[in-house]
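Read through the structure below, which is laid out as structure tokens, and then see the notes.
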Amino acid sequence: MPGIQPKAREGAFLWLIKILAGLSIVIVLGIHFVVNHLVAPEGLLNYSDVVRYYQNPWVVTMEIFFLITVVTHALIGIRSILLDLNPSDSLLSIINLILAVAGVGAVTYGIWLALEIASRGQ
Amino acid sequence: MTQTKAHVIIIGAGFTGCALAYDLARRGLAVTVVDRGEIASGTSGRTHGLLHSGARYCVNDQESAIECIHENIILRKIAHQCIEYNGGFFVALNEQDLAYQARFEIGAQQCGIEIDAIHPQKARQLEPNLNPAVLAVYHVPDGVFDPLRLALAFAASARFFGAEFLPYHEMENFLTNGQGTVTGIKLWNRLTNAHSELKADLVVNATGAWAGMILKKIGASVVVTPTPGIMVAYNRRLINRVINRLNEPGDGDILIPQRRMVVIGTTSYEAEEVDYIPVEKEQAIQMDRDAISLVPGVATCNRRGVYMSARPLIGKGEAGRSLARTFKCFDHRETDGIEGLVTITGGKATTCRLMAEKTADLVCQKLGLTATCETACEPLRSYREYYRPSGVNR
Amino acid sequence: MTEGHWHVTFCIYRKKGDQPPFYQDFPLEVDPDEYVLDGIERIWAFHDRSLTFRHACHHSTCGACGMLVNGVEKLTCITPIRAVTKNGGTIRVEPLRNFPVLSDLVVDMAEFYLRMEQAHALQVVPVAQSTLPYEPPPFPDDGLPHQRLNDCIECGMCVSACPIALTASSYQGPAALAATQQTYSLTGEKSLLSLVDCADGVWRCHSGFECTAVCPSNVDPAWRIMELRRQVIRHRIQRIFHQDR
Amino acid sequence: MKNNQPAPGKALRWFDPRHRQPGTWAFILNRITALGLTLYLALHLIMLGKLAQGPDAYDTFIALAKTPWIKVGELLVISAGLIHGLNGIRIALTSFGIGVTVQRQLFWGFLTLALLGTVIFGYFMFFVH
């Protein structure tokens, strides 16, 4: 009978990040939605629109920030769902590794893509 | 080397059974408690929950009253974990009640129960929901306990000293050696449907209102009258102190606060079969009236629970209220010529520790042991320890 | 009120030892104002003596008789039959979820009680602080140190209803967390916070609020868990600024 | 129900809404939308890779995205985002002790908002553009 044994799995820190990331997504996603679906005259931007849009450095910054928060929130969220399935400590460390690699990979790829698009305008 | 401990089986895990298990285990005996249900699933669990000051009995039944005040003080000390101790009031509502006043004061003094006359206006300040028509008020050292947790606290302490509990094990029959000596019991494990036998040096029948039924299996008897009464719980805590009617013990004369409720009790009638006691609707309505007369605010509450509980009263053939509320220990060698069997019955929750002490004295005397009772001083173990898996504390 | 008697079928979860569980029907004539527990006790008394169930006080002070009634956690001693079925209807009674079943309707409370003990759950609390802070005070304070039995009756129903406890046995559970919150509020004992500031503690709750919905005793475990989070975070922030603990 | 003990294998029962309160419906919706949105995030990132392949690849892809079925899918994503986001606000608020006693009303309020938002977006996507 184990009773209460505090384990440092998802403590206050990850939880707080998840909540804060979630809140910033709500704000940034609002802008993202409006720009892509309401402001753009044809509903979705075509290639040249996208490139023009990315000429504004604030847009690039915002999109990169958005990317990081979304990926962070999603991966911490997936992790907390998996945590509810009571993984063993060793399985959890594997999960942590996979999620971290996926997160770093997605963010690197996204940043490269954003900078690549921005550079095509010049 | 320690020699093999004497083994005692206790039938019944109510207040008496649990307290007795604690007392005997503390004296160094090997104890097994069996019950056909959960701890306190009979009369004990369904008790009103009043930690008596004894004032209720100080005129008619002084022996009980003295036991009560004595044990009240001990339980407040050792079972503080499950008692709300805020005292109680005895209130007079009419001329008849006032006529009882003088006898009440003398009785309380004779029994050593501290009572304080309080001005009705002051009492109304302390308990704003009290009937405004109160004519006289006395403060008494009453309290309220949680029935299951009081039993569990004794059981947890018993387990701490090595006693074993077998809930959901129904005693089917006695084992004897063929020469009138009880050597153990036959058991039906209701959790698994298995049957088994358990040997012991002595068997204690602590089944309260069911004591007579158990003894029938071996042709012995005690004069116990199961005397059910009704309790009604309401969904608001209108008082902090127990409110008693200042008169001779009667129906619906005690209203206790408990958690967010108030609970009124009780009635009294004799019954033969008490495995299932149907709720009498008229009695419940009578309880509503009695509760409202003590605390009119009850009229605005909803009923939360209605339940019946069978007291084990010793004696027969008289009206239930006039039977004494004391307890009695029977050595069946003396009453029926059966060796190795003791019955403890009667009494009340407030005096369960004392009942256990006296029974344990008898058990030890029969087994030729000299150990003495040590249950009155040290606080009981936390009731939650009862559920600890076995092997943890030994 | 005089609707007379109802015919109701109790469909009861049965399990003995290692045998597979099954459901057994008991048709019963009942008074609709009777409580579900009365029906169950009558089945034991008159129909099947092998039926096992936990019960003690029959008026919601002990917390022993929590069961699943028609799929919902109910304290059967205060649940009138009228509230869960109709004349000719069925009452399905099962043991609590998220607890090991010992037999029939009896579940093993050992782990639950151990967690309550580790949370330093109080059974007797000062009357003045016995209710939830957002509730109106129940009583004019007469200045005397009155105490009363606590709201939490340790019935385990909140744990049974919790969607997280369903899969995560290591989750401390709503009852223990609510108790920690209450004890911390009354004692200020900081070590309680470190016990719950972990993945199996306050941060595991996913705000289902089921615990509060089934609590028969006004504990509001969900509110207490949220409050406990606040207390944990406040304590952490304080620690940053005063390096006292 | 063979055994009542908690077990990871019971994860599917997270999504069983029978006898459950709005709080659990919110929890169910949040889990489903979380999984859906994560899947969408992955697809979205991959599809945006077409941008790197130049104007032709991307504009062909955009033309495909304007077909009605894809639009419906997109509306689902928007709806999921609204539900998850608004309910997320509710969870964040209650987690900091704000509005715990009115969490039911918050749930219904935010769910209404999410549906309203879906309708507005749907109107723009299908009828304006």
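How many of the residues in segment B:206-247 are assigned to a helix (DSSP H, G or I) and small (Gly, Ala, Ser)?
4
Just give me the residues in segment C:206-218 being of a type in the set (A, V, I, L, M, F, W, C) and over 9 Å from the mean Cα position of the chain (by Cα), in sequence order.
The answer is C:Phe209, C:Ala213.
Inspect segment B:33-40 for any residue being over 17 Å from B:Glu357 (Cα atoms) and free of Cβ contacts under 8 Å to residues at least 60 places away in the same chain and give the result as yes or no.
no
Criterion first (at pLDDT below 95, touching a strand residue (DSSP E or B) at 6+ places or on another chain (Cβ under 6 Å) and under 27 Å from B:Glu273 (Cβ atoms)) does B:Thr227 satisfy it?
Against the criterion (at pLDDT below 95, touching a strand residue (DSSP E or B) at 6+ places or on another chain (Cβ under 6 Å) and under 27 Å from B:Glu273 (Cβ atoms)), B:Thr227 qualifies.
Among (1) facing chain A (nearest Cβ under 10 Å); (2) of a type in the set (A, V, I, L, M); (3) touching a helix residue (DSSP H, G or I) at 6+ places or on another chain (Cβ under 7 Å); (4) closer than 20 Å to A:Thr108 by Cα, which single condition is D:Ala42 missing?
That leaves (3) as the condition not met.
D:Ala57 - would you say it is over 27 Å from A:Arg120 (Cβ atoms) and either touching a His at 6+ places or on another chain (Cβ under 9 Å) or facing chain A (nearest Cβ under 9 Å) (or both)?
Judged against the criteria, D:Ala57 is not a match.
Residues to consider are D:Leu93, D:Leu113, D:Leu106; find the one that is more than 11 Å from every other protein chain (Cβ to nearest Cβ) and either over 18 Å from D:Leu29 (Cα atoms) or free of Cβ contacts under 8 Å to residues at least 60 places away in the same chain (or both).
Answer to the check: D:Leu113.
Counting only residues that are more than 7 Å from chain B (Cβ to nearest Cβ) and either of a type in the set (S, T, N, Q) or touching a Leu at 6+ places or on another chain (Cβ under 9 Å) (or both), how many does segment C:47-56 have?
So the answer is 3.
Can you name the residue in segment C:15-37 that is of a type in the set (Asp, Glu) and surrounded by 14 or more Cβ atoms within 10 Å (Cβ to Cβ) and, of all such residues, is nearest to C:Ser103 (Cα to Cα)?
My answer is C:Glu34.
Would you mind stating whether C:Ser207 is on the phi > 0 side of the Ramachandran plot and of a type in the set (S, T, N, Q)?
yes
Go through segment C:182-226 residue by residue and tally those that are outside any helix (DSSP H, G or I) and either of a type in the set (A, V, I, L, M, F, W, C) or within 12 Å of chain A (Cβ to nearest Cβ) (or both).
Within segment C:182-226, residues that are outside any helix (DSSP H, G or I) and either of a type in the set (A, V, I, L, M, F, W, C) or within 12 Å of chain A (Cβ to nearest Cβ) (or both) number 12.
Is it the case that D:Leu64 is farther than 22 Å from C:Ser160 by Cβ, surrounded by fewer than 16 Cβ atoms within 10 Å (Cβ to Cβ), at pLDDT 85 or above and more than 9 Å from chain C (Cβ to nearest Cβ)?
No: the conditions fail for D:Leu64.
From the list C:Ala119, C:Ala179, pick out the single residue that is more than 9 Å from every other protein chain (Cβ to nearest Cβ), touching a residue at least 24 places away in the same chain (Cβ under 8 Å) and buried (at least 24 other Cβ atoms within 10 Å of the Cβ).
C:Ala179
Has segment B:145-152 got at least one residue that is over 24 Å from B:Gly297 (Cα atoms), over 26 Å from the mean Cα position of the chain (by Cα) and not in a strand (DSSP E or B)?
no
Just to be sure before I move on: is C:Glu189 buried (at least 21 other Cβ atoms within 10 Å of the Cβ), assigned by TED's automatic domain parsing to the domain that holds C:His120 and in contact (Cβ under 8 Å) with a residue 40 or more places away in the chain in the structure I sent?
Considered against the rule, which asks whether it is buried (at least 21 other Cβ atoms within 10 Å of the Cβ), assigned by TED's automatic domain parsing to the domain that holds C:His120 and in contact (Cβ under 8 Å) with a residue 40 or more places away in the chain, C:Glu189 comes out as no.
Evaluate the following for B:Val204: is it crowded, with 21+ Cβ neighbours inside 10 Å and either over 26 Å from the mean Cα position of the chain (by Cα) or basic (Lys, Arg) (or both)?
Spelling it out, it is not the case that B:Val204 is crowded, with 21+ Cβ neighbours inside 10 Å and either over 26 Å from the mean Cα position of the chain (by Cα) or basic (Lys, Arg) (or both).
Out of segment A:8-48, which residues are part of a loop (DSSP other than H, G, I, E, B), crowded, with 17+ Cβ neighbours inside 10 Å and either at pLDDT 80 or above or within 14 Å of chain C (Cβ to nearest Cβ) (or both)?
Matches in segment A:8-48: A:Arg9, A:Glu10, A:Gly11.
Does segment B:43-54 include one or more residues that are small (Gly, Ala, Ser), more than 22 Å from the chain's Cα centre (by Cα) and under 23 Å from B:Glu127 (Cα atoms)?
no
Name the pairs whose Cβ atoms lie under 6 Å apart, with the first residue in segment B:105-131 and not assigned by TED's automatic domain parsing to the domain that holds B:Val295, the second in a loop (DSSP other than H, G, I, E, B) and buried (at least 16 other Cβ atoms within 10 Å of the Cβ), and 6 or more positions between them or separate chains?
Pairs that qualify, where the first residue is not assigned by TED's automatic domain parsing to the domain that holds B:Val295 and the partner is in a loop (DSSP other than H, G, I, E, B) and buried (at least 16 other Cβ atoms within 10 Å of the Cβ): there are none.
How about segment C:18-72: which of its residues are more than 30 Å from B:Cys82 (Cα to Cα) and under 17 Å from the mean Cα position of the chain (by Cα)?
C:Asn70, C:Gly71
Quick check on segment D:22-37: of everything there that is surrounded by 18 or more Cβ atoms within 10 Å (Cβ to Cβ) and free of Cβ contacts under 8 Å to residues at least 40 places away in the same chain, which residue is farthest from the other protein chains (Cβ to nearest Cβ)?
Going through the qualifying residues, I end up with D:Arg31.
Yes/no matrix, rows are residues, columns are (1) among the small types (Gly, Ala, Ser); (2) assigned to a helix (DSSP H, G or I); (3) assigned by TED's automatic domain parsing to the domain that holds B:Gln125:
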position: B:Val33; (1), (2), (3): no, no, no
position: B:Ala65; (1), (2), (3): yes, yes, no
position: B:Glu71; (1), (2), (3): no, yes, no
position: B:Arg76; (1), (2), (3): no, yes, no
position: B:Val91; (1), (2), (3): no, no, yes
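The values are calculated or read from the model by the stated rules, or taken from the named source; none is laboratory data. Note that the structure is predicted; figures quoted are calculated from it, not measured. Positions of Cβ are backbone-derived with ideal geometry, glycine not excepted, and every protein chain shown enters the neighbour counts.
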